[in-house]
């Protein structure tokens, strides 16, 4: 577990603050607004076509998990891995926190080395 976490350490960093989770009602409202906006943007020609009936089973089978791509892989593994024991989750959490702590130092190192190669 520790070796795997160290391999993913570069992908276990939050580069930006994570937005607050939306409530179910807010998420449904947002999805409905997006769908309405998308329907307004569709070409008039497509509105003349008859609507296709979708089966619920096909929509459920093609649904992705997670809905959005995740930037912080260690956080995602920590929260969603079904086979991890509690002590393994703790190891993933510790490695994730250490990676987050040292992220600014890595950015500075890359910047300094970039300038050094530029000037020398």
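Throughout, read-outs are computed from the coordinates displayed, never taken from laboratory work. Quantities reported herein were computed from a predicted structural model and do not represent experimental measurements. FYI the Cβ positions are ideal-geometry reconstructions off the backbone, even for glycines, and counts take in every protein chain you see.
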Discussion item. Between 0 and 90 degrees, rounded to the nearest ten: what's the tilt of helix 86-119 against the longest Cα principal axis of the chain?
Written reply: 70
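Just the ratio, please: alpha-carbon radius of gyration of the chain over 2.2 N^0.38 Å, N its number of residues. Intermediate values should be presented prior to the final figure.
Working: Rg = 21.8 Å, N = 120, 2.2 N^0.38 = 13.6 Å.
Relative to the rule-of-thumb radius for its length, the chain sits at 1.61.
How large is the helix-only mean residue ellipticity at 222 nm for the chain, computed as the sum of -39500 (n - 2.57) over DSSP H runs with n ≥ 4, divided by its residue count, in deg cm²/dmol to the nearest 500?
Working: 6 runs with 76 residues, N = 120.
So the calculated ellipticity at 222 nm is -20000 deg cm²/dmol.
If R₀ is 30 angstrom, what is the calculated FRET efficiency for the pair residue 17 and residue 38, using the beta carbon separation as r and rounding to 0.05?
Efficiency, from the Cβ-Cβ distance: 0.60.
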Worksheet item: Hey, what angle do you get for helix 24-41 against the long axis of the chain, alpha-carbon based, 0 to 90 degrees rounded to 10?
Response: 60
Worksheet, complete the sentence: Length-normalised contact order of the chain, Cα under 8 Å, at least 6 apart, in percent, tallies to 52
